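Throughout, read-outs are computed from the coordinates displayed, never taken from laboratory work. Not measured: the values here are computed from a predicted model. All Cβ positions, glycine included, derive from the backbone under ideal geometry; neighbour counts span all protein chains shown.
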Amino acid sequence: MTGVRIGVFGGTFDPIHLGHLRVAEEVAERFRLGRVIFVPAGIPPHRRQPETSSQHRLNMVRCAISGNTQFTTSPLEMQRPGKSYTVETLQYLSRLHPKDVFYLIVGADQMVKLRKWYQSEQLFHYCRIIGISRPGTPLDHLQARITADFPPEHVQNIFLFSVSALDISSTEIRRKIREGRSIRYLVPQKVLQYISLHKLYH
Ligand code: ATP
Ligand code: MG
C-alpha cells in the first residue's frame, strides 16, 4: 500500500485563528493531503513564550478542528521535555509512519528564517516543505531568500504556495482581548467560547 500525504502544521497557536485554518484547508486541497496534523509547540525555541499553557492551546486547537475529520492535532511537542525543535518532530513522525510522505507547512514570516532553525538542513531527510504566503511577506522576497539560503537539491523540495490573504495574527487577537474588543469572526465560535470561559488573555 502506498503512503498518505500528511501535512504537519506547527505553531504556537496562542490562540489558533481562521488564518491558520484557511491555510490548512487550501494546502490540503492543493497538495492532496489526506490529513493535516496541527502540532502546538511546547517551548518555542525562536520566540517569546506563549501567554497561555500548552494545555489551553491544545484544547483551543481541538475546538477549532472539531467536526473536520481531515484535521487532527498532536500533543507530541508539548509532551517532549525541553525546546520544541521541528526537526525532532518530523524525525519522530516519519519513523512512526515510514510509508507516508510528510509536508511541513510554514508561513512566509517563518520561512524567511528557516535557514536559522535548529538543524534546518536535516529537515529535508524527513519532509518536503510548503512555504505559505502571508500578508507582510511577499512570496518573491521569500523565493529569493530560499535560493540564497539553501542548495538546489533542497530548494527542489520547497514549494511556495499562495493562499487567500487573511491578515489575522494571534498577536492582534491577544491585543484586542486585552483592550476589551471583539474577536468574533477572527476565531471559530468554539474557540471564542473557550477563551471567554477560561478568561484567557485578559
Ligand atoms: P503570533 O502573532 O503569536 O506569532 P501567529 O498568528 O503568527 O501568532 P503562529 O502560531 O505563530 O500564529 O503561526 C503558526 C504558523 O502559521 C506559522 O507558520 C505562521 O507563519 C502561519 N500563519 C499564521 N497566521 C497566518 C496567516 N494569517 N496567513 C498565513 N500563515 C499564517
Ligand atoms: Mg507567529
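Annotations
- In terms of the mean number of neighbouring beta-carbon atoms within 10 Å, the peptides 33-46, 86-99, 8-21 order highest first as 8-21, 33-46, 86-99.
- Computed extension length for Lys176-Arg95: 25.0 nm, one decimal, from 0.36 nm per residue of separation with the Cα-Cα distance subtracted.
- The Cα-based radius of gyration and maximum Cα-Cα distance (Dmax) for the chain are 16.5, 53 Å.
- Multiplying the residue separation of Arg48 and Arg184 by 0.36 nm and removing their Cα-Cα distance gives an extension gain of 46.4 nm.
- Annotation: amide H of Phe159 within the under-5 Å range of Ile129, Ile130, Gly131, sequence separation 5 or more or interchain, hydrogens built in the peptide plane.
- Which of Ile129, Leu139, Gln193, positive extreme of dipole for the chain (C-beta unit charges): Gln193
- Cβ-to-Cβ counts within 10 Å put Asp140, Asp109, Asp149 in ascending order as Asp140, Asp109, Asp149, the fewest first.
- The helix-based estimate of mean residue ellipticity at 222 nm for the chain, built from -39,500 (n - 2.57) per DSSP H run of four or more residues and divided by its residue count, is -11000 deg cm²/dmol to the nearest 500.
- Euclidean distance of C-alpha centroids, the stretch 73-101 and the stretch 113-174, integer Å: 19 Å
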